[in-house]
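Colleague: Before I ask anything, let me first share the structure, which is written out below as C-alpha cells.
The values are calculated or read from the model by the stated rules, or taken from the named source; none is laboratory data. Remember, predicted model here, so these are calculated numbers, not experimental data. Counting neighbours? That spans all protein chains shown, and the Cβs are built from the backbone with ideal geometry, glycine included. For accessibility, only protein heavy atoms count, side chains too; no ligands or nucleic acids. Shrake-Rupley method; radii C 1.70, N 1.55, O 1.52, S 1.80 Å.
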Amino acid sequence: MTTIRRFTCDDLFRFNNVNLDWYTETYNLNFYLGYMASWPEYFVAAQGPGDRIMGYIMGKVEGEGELWHGHVTALTVAPEYRRQQLAAKLMDILEEITHKTYDGYFVDLFVRTSNKAAIQMYHKFGYEVYQRVLMYYSGEEDAFDMRKAMPRDKEKKSMVPLGRSVTPQELRFD
C-alpha cells in the first residue's frame, strides 16, 4: 500500500534509494529545508511498505502576471517502484495545487535532453517543450523547459514554443 504525504525532515535521511538515479539532482540540505519551509504543500513523498520512500515531488510557485505558475523542481521514483503510475499521481498533486490553491497559468519543469524516458512520460502527461536551455545542467548538458497549461490559461498561450534556445541567464524564473 502506498501513502502519499508531505515530505518531512526525517525523510532526508531515508531517501537515498530514490536519489541514487543518474538523472536525479541531489541538492544540499539547506535547499531541501528551504522548500519544506516555503512550499510545504508542493513537497510530497510516496511511502511504501516498511516506511520506505518510493518517490517524491518537490516544487514551488513563482512568477507574476501571466507567468504565475507552478514549477516542478524534482520528480523522482525509485527504480523498483517505476511503471506503477506513481509519477503521474505525484504530478497530478502538484498540478492540482497549482490550479486550485494558487490559480497558476501553467506548470513547468526542466528535464535533461538526454533523458528520453522522462521526456516521453511528460509528453504523456500533456507537457510540451517550450524552449531549450543551453548548458543548464552544471554547464554540461542542455535542458528542455516543458510546460502544461492550467485551466486559467484558456488559450494555452503559456505553451506556445519560444522558437529559439536560451541560456540559463536568460531565464526569468528557474
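Colleague: Accessible area of the chain with a 1.4 Å probe: how many percent of it is carbon plus sulfur?
Modeller: 52
Colleague: Can you run phi through the Karplus equation (6.51, -1.76, 1.60; θ = phi - 60°) for the range 61-72 and list ³J(HN,Hα) in whole Hz, with x for Gly and Pro?
Modeller: Values per residue, Gly and Pro as x: 10, 7, x, 8, x, 6, 9, 5, 7, x, 10, 8 Hz.
Colleague: Multiplying the sequence separation of THR113 and ASN28 by 0.36 nm and subtracting their Cα-Cα distance, what value in nm do you get?
Modeller: 28.2 nm
Colleague: Per residue, how much accessible surface does the chain expose to a 1.4 Å probe? Answer in Å², no decimals. Intermediate results must be reported in sequence, preceding the final value.
Modeller: Details: 9270 Å² over 174 residues.
So the chain comes to 53 Å² accessible per residue, rounded to a whole number.
Colleague: Using amide H atoms built in the peptide plane, which far-off residues or other-chain residues are under 5 Å from TYR136 H to H?
Modeller: GLU141, ASP142, ALA143
Colleague: Still on this structure, please answer the following. Grab every C-alpha pair in the range 86-174, bin the distances at 10 angstrom width from 0 up to the longest one, and report whole percents.
Modeller: Spelled out per bin, shortest first, that is 17, 47, 33, 3.
Colleague: Also, quick follow-up: Report, ordered by chain and residue number, the lysines lying within cross-link reach of LYS154, taken as a straight Cα distance under 21 Å and ignoring same-chain residues fewer than 8 apart.
Modeller: LYS100, LYS124
Colleague: Also, quick follow-up: How about the range 35-92: which trypsin sites (Lys or Arg not before Pro) there lie in a loop by DSSP and see at most 11 other Cβ atoms within 10 Å?
Modeller: The qualifying sites are ARG83.
Colleague: Within 10 Å, count the other beta carbons around each residue, average over each peptide in 27-39, 103-115, and list them highest first.
Modeller: Listed from highest to lowest mean packing, they are 103-115, 27-39.
Colleague: Once the other residues with Cβ under 11 Å from the Cβ of ILE97 are scored (Lys, Arg +1; Asp, Glu -1), what is the net sum? Before the final figure, lay out each step's value.
Modeller: Details: positive: LYS60, LYS100; negative: GLU41, ASP92, GLU95, GLU96, ASP103.
Around ILE97, the surrounding residues sum to -3.
Colleague: Given contacts defined as C-alpha pairs under 8 Å and at least six residues apart, what's the relative contact order of the range 45-174, whole-number percent?
Modeller: Averaging sequence separation for qualifying contacts and normalising by length gives 20 percent for the range 45-174.
Colleague: In a shell of Cβ-Cβ distance under 14 Å around GLN85, excluding GLN85 itself, what net charge do Lys and Arg (+1) and Asp and Glu (-1) give?
Modeller: Working: positive: ARG82, ARG83, LYS89, LYS124; negative: ASP92.
That sum, taken over residues with Cβ under 14 Å, equals +3.
Colleague: Have a look at MET58, MET91, MET121 and tell me which one the Gaussian network model of the chain (Cα, springs below 10 Å) gives the largest fluctuation.
Modeller: MET121
Colleague: Classify the range 46-124 as rounded, prolate or oblate from the Cα gyration tensor: take a ≥ b ≥ c as the square roots of its eigenvalues, call it rounded if a/c is under 1.5, otherwise prolate when a/b beats b/c and oblate if not.
Modeller: Oblate.
Colleague: Now for a separate question. What residue among GLU64, GLU96, GLU41 has the largest mean-square fluctuation in a Gaussian network model of the chain, using Cα springs under 10 Å?
Modeller: Of the options given, GLU64 has the highest mean-square fluctuation.
Colleague: To check you understand DSSP bridge types, tell me what percent of the beta bridges within the chain (both residues inside) are antiparallel, rounded to 5.
Modeller: Percentage antiparallel, nearest 5: 85.
Colleague: For the range 140-152, just list the computed ³J(HN,Hα) in residue order, Karplus coefficients 6.51, -1.76 and 1.60, θ = phi - 60°, integers in Hz, with x standing in for Gly and Pro.
Modeller: Residue by residue, the range 140-152 yields 10, 9, 6, 10, 9, 8, 10, 9, 9, 6, 9, x, 4 Hz.
Colleague: Here is a further query. Determine the shape class of the range 1-146: with a ≥ b ≥ c the square roots of the Cα gyration tensor eigenvalues, call it rounded for a/c under 1.5, and otherwise prolate if a/b is greater than b/c, oblate otherwise.
Modeller: Taking the square roots of the gyration eigenvalues as a ≥ b ≥ c, the range 1-146 is rounded.
Colleague: Explain nothing, just compute: Karplus ³J(HN,Hα) = 6.51 cos²θ - 1.76 cosθ + 1.60, θ = phi - 60°, for every residue of the range 19-24 in order, whole Hz, x for Gly and Pro.
Modeller: Here the 3J(HN,Hα) series is 7, 7, 5, 4, 7, 7 Hz.
Colleague: Calculate, in nm to one decimal, what ASN16 and LYS124 gain on full extension: separation in residues at 0.36 nm each, minus their alpha carbon distance.
Modeller: Additional length available on full extension: 36.1 nm.
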